[in-house]
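As structure tokens, the structure follows; a few thoughts come after it.
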Amino acid sequence: MKRFDQTRFQNAFEQPPEAFHETVQKSLDHIAPQPKPVFPSRAVLIIALLAVCLIGTAAAVMVGTTLNDFLNVDMQSLHIPVTNEFAVDGSMDLLNVKVREAASDGVFMHLTVEFSLKDQDGKAMIYGSDVHYLQNPDNPLPSNDVQLALEAVQNSQTVYWFKPNAVTFRDREGVLRRAMYEDCRYESAQTMVVLYWLDLRADDAFEFDSLSAGYPDTLTVSMSPALYIYEKTEKIAVLEKLLSDISNPGDYLTCAEAGKFTISAAPEKQPSQKYRIATFPERFYELRVLSATVTETPLAYYLRLDFQKTEDCTYPDYSMYPEIFDKDGQPLSFFFLTRSARFDTTEPVDNRLEAIYIKHDDRAPHTLCVTPHWDEEKNPPITVQLDLVPAD
Amino acid sequence: MTQEAFTRNVLEQEAMLYRIASTLLSRFPDRQDAVQSAISLAWQHHTALRDESRFRPWLARILVRECRRMQKSLGPMVLTDTVPESNPLPQRDEQLHDAIALLPDKLRITVVLYYVEGMSHQEISRALSIPKGTVKSRLNAGRALLGRILNEEVSE
């Protein structure tokens, strides 16, 4: 079989014909210049307030990847306070660990942590499955930050494979939980920033207000980052084992250092509004809908659907993918919460689907479209209008 | 982003726009309509894009959605090229083109965004509003299917 490379794939498509170029040009000719926005007085006040805050916290101002970059939102414009001060306990010989920012909308706490090599001379580190890019040059180019890191890795004598490891904390009810690390960005081959999502809800609860009385003043987060020696000559087989059994990289790579840290941060309570969806279908395919709720916080909308398998369900498992649109029919980008993209009828704990839409452009969810995976011919997508009614 | 910058960015992505539209829509006029609409929407909402370096996946996402909206109104896609006759197709890898065309819709767009447009898993995840894990599984499935199709072709 021929190898799949990007050039060959691009050659599978013809160049755009002239008529297409004319269409693009015509579309561009018809876009109207947009007037500069006129700031309302409220915005002026906010800017003035921000200016005061910035002066007051000049020492805390930072450069580099921020929560705003990760979430594509301006936390300050949403009035969500961002914390820059933390108590960190722990140290490592090879790695600096620095908590950059934390902010909470009352449901999740978002935490950015910087990991950087103490001795950067001739050394580099690489994260997760990015090693694939080193071993598979036929892969298309990764994003810019990964590309820059990979180039530095190629020129480094010592390369570490970095594993953030599980971050644990206790939620509002004291239950030990594991954070999701949603995103990681390289600032260089020696410094990377990881975004963690700490789900502050109790396991099975979506009742923010009733739980707020038990809201913790301080959240203690435990993390155990590790560095492994990565030989650039590692064989593909080792790499595949490493990535398929990521919980035990020590079986395949030499551990250079494993550390333990605890971080104390203070999540702040934020107002929230819970809605029920006025008209919702009783069934999605062979699944009974038990509840459908939307919760709005200053940062995001959280959609949750709970299902139950019906007696006549013939499928061992379901995978369903929601799409959310605003009132103009434009798609809203959203994230899935843990394991929620898949409904698995063999796992009762997974009988829900949760998605979060970050409010980065003032558009509210209006329509939900759920599409089953693999069996679309038999089960066409279901579209539901999200008429939100404040819950009692 | 200024209007000049927007225009420049769109023109730089013209080939990508064409490939995405070709992947999802079979009729040339439909591709034109979808791209026209996507450009208009992108300009309308361009202030929402805070990081200009993400323009490419952002524009791709808008176009994918526009194509899907059109697909819904047009019905099932019939995989035939209907580029105007006055614009004969330049040479292309017909074998791979046909193999890609045989992929199911969802695998096809994922494979094209990854292998042709060089987008990362994260960018595709955002463009298609699906989890990263789904991107990977669709790529695996697409790769496997393409491999099978091309092996058969090669063996002939």
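The values are calculated or read from the model by the stated rules, or taken from the named source; none is laboratory data. Owing to the predicted nature of the structure, the values given are computational and were not obtained by experimental measurement. A quick note on method: Cβ atoms are made from the backbone with ideal geometry, for glycine too, and the neighbour counts reach across all protein chains shown.
Listed by first and then second residue, the pairs linking a residue in the stretch A:4-28 that is more than 7 Å from chain B (Cβ to nearest Cβ) to a residue that is in a loop (DSSP other than H, G, I, E, B), with Cβ atoms under 9 Å apart and 6 or more places separating them unless they lie on different chains, are A:ASP5/A:PRO137; A:ASP5/A:ASP138; A:ASP5/A:ASN139; A:ASP5/A:PRO140. For the stretch B:8-24, what are the residues that are closer than 15 Å to B:ALA101 by Cβ and within 8 Å of chain A (Cβ to nearest Cβ)? The answer is B:ARG19, B:SER22. Applying the condition of being modelled with pLDDT under 80 and assigned to a helix (DSSP H, G or I) to the stretch B:124-135 and asking which residue is surrounded by the fewest Cβ atoms within 10 Å (Cβ to Cβ) yields B:GLY133.
Inside the stretch B:100-146, can you point out the residues that are of a type in the set (Gly, Ala, Ser), facing chain A (nearest Cβ under 7 Å) and either in contact with a strand residue (DSSP E or B) (Cβ under 9 Å, 6 or more places away or on another chain) or touching a residue at least 12 places away in the same chain (Cβ under 8 Å) (or both)? Within the stretch B:100-146, B:SER129 is the sole residue that qualifies. Applying the condition of being part of a strand (DSSP E or B) and basic (Lys, Arg) to the stretch A:151-180 and asking which residue is modelled with the highest pLDDT yields A:LYS163.
Here the condition is being buried (at least 18 other Cβ atoms within 10 Å of the Cβ), out of contact with any strand residue (DSSP E or B) (no Cβ under 7 Å at 6 or more places or on another chain) and modelled with pLDDT under 80; of B:ARG92, B:ARG68, B:ARG19, B:ARG50, it holds for B:ARG68 alone. Among the residues of the stretch A:320-356, just one is of a type in the set (Gly, Ala, Ser), at pLDDT 75 or above and farther than 17 Å from A:LEU71 by Cβ, namely A:GLY329.
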